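A short write-up of the structure that comes next.
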Amino acid sequence: MASNVKPRVKVPKSASAGEVVTIKTLISHPMESGQRKDSAGQPIPRQIINRFTCDFNGQNALDVTLEPAVSTNPYFEFDVRVDAAGEFHFTWYDDDGSIYEERKSITLA
Amino acid sequence: MHFTRREALALGLGGITAAALPLPALASKVDDAIAAFTGGATPAEGGVTLTAPEIAENGNTVPIAVDAPGAVAVAVFATGNPETGVVTFRFGPAAGSRMASTRVRLAKTQDVIAVAQMEDGSFARTSATVKVTIGGCGG
């Protein structure tokens, strides 16, 4: 598990039914590409987050496949349609098998 | 050593051909990656918007955004990176739009290509040239 991995998610507290809300997510992660070499000239092994998903009330909103070309501290911004109050479930999958999760709830205004 | 005008011209042409050679090799790598995503179908031009800066000062974090109304998935490819694949977005039933943005690494000045898979199974593509001042990906 990479150290200091901390997911951060920005979700509005409430929305009206049927509203499309914009969600921003950021997770601190080095996203080691496998292309870099250390000071001894040895390649640094790849370690990235290879998948990110966002579900709302069990329904998938976005499923992202990440390659090493995604920057350090992967950031995503996307829209989700909110038809009812409920919970967002964000999941990041690390190359080493670790799974980082975050949940946020939203109420109807 | 003495060159006639004809020999000098031939040399020059040869040099240009040699310099142009690595380009098709790279292009075919990207084409292969796109074909793997589309299943061999040829994407039509347009129908997807790729927002990327014209000039990126830092290739380590280049903001890009894709928007493809009616798409189920959008894949982004970089023609000049060591690995061509960049990111693939798949939109689920709860998605509010077909828009997503992220930040990517670009090794050098290059074309970035977005290919969208539409609900009807067709594919659309677009590309944008990004000038990179300091390349990402380390070295």
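The values are calculated or read from the model by the stated rules, or taken from the named source; none is laboratory data. Just so it is clear, the structure is predicted and the values come from calculations on it, not from any experiment. FYI the Cβ positions are ideal-geometry reconstructions off the backbone, even for glycines, and counts take in every protein chain you see. Note: areas computed on protein heavy atoms with side chains; ligands, DNA, RNA excluded. Shrake-Rupley method; radii C 1.70, N 1.55, O 1.52, S 1.80 Å.
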Any residue on another chain or 5+ positions along whose placed amide H is under 5 Å from the amide H of B:Gly80 is listed here as B:Asp111
With every protein chain in place, the accessible area of A:Asp95 for a 1.4 Å probe, in Å² rounded to the nearest 10, comes to 60 Å²
Both in Å, the radius of gyration and Dmax of the C-alpha trace of the stretch A:28-67 are 15.1, 49
Semi-axes in Å, largest first, for the stretch A:1-49 (Cα gyration tensor, √(5λ)) are 38, 10, 6
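Rounded to the nearest 5, what % of the DSSP beta bridges within chain A are antiparallel ones?
Details: 35 of 37 bridges.
Rounded to the nearest five, the antiparallel share is 95 percent.
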Placing one equal point scatterer on each C-alpha of the stretch B:21-139 and summing with Debye, one gets log10 I(q)/I(0) at q = 0.17, 0.18 Å⁻¹ equal to -0.80, -0.89
Order by accessible surface, 1.4 Å probe, largest leading, for residues A:Tyr100, A:Tyr93, A:Tyr75 comes to A:Tyr93, A:Tyr75, A:Tyr100
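Taking N as the number of residues in the stretch A:6-108, what value does Rg over Cα atoms divided by 2.2 N^0.38 Å take?
1.25
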Mean per-residue count of partner chain Cβ within 10 Å for B:100-109 equals 5
Heads up, the stretch B:50-110 by the C-alpha gyration tensor (a ≥ b ≥ c square roots of eigenvalues; a/c under 1.5 rounded, else a/b over b/c prolate, else oblate) looks prolate
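Can you give the Rg to Rh ratio for the stretch A:69-109, taking only C-alpha atoms and Rh from Kirkwood?
Working: Rg = 13.5 Å, Rh = 12.6 Å.
Expressed as Rg/Rh, it is 1.07.
How long are the semi-axes of the equivalent ellipsoid of the protein assembly as shown, taking √(5λ) for every eigenvalue λ of the Cα gyration tensor, in whole Å from largest down?
Values for the protein assembly as shown, descending: 39, 22, 14 Å.
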Loop-resident GluC sites (Glu not before Pro) in the stretch B:46-139 with no more than 12 other Cβ atoms inside 10 Å, DSSP not H/G/I/E/B, are B:Glu54, B:Glu119
Heavy-atom accessible area of A:Val9, protein chains in place, probe 1.4 angstrom, given in Å² to nearest 10, is 20 Å²
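Work out the mean other chain Cβ neighbour count within 10 Å for the residues of B:80-87 and drop it here as an integer.
On the way: counts 0, 5, 5, 6, 2, 6, 6, 9.
Average per residue, whole number: 5.
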Once all protein chains are kept in place, B:Thr51 shows an accessible area at probe 1.4 Å, nearest 10 Å², of 80 Å²
Accessible-area order for A:Lys13, A:Lys104, largest to smallest, probe 1.4 angstrom, reads A:Lys13, A:Lys104
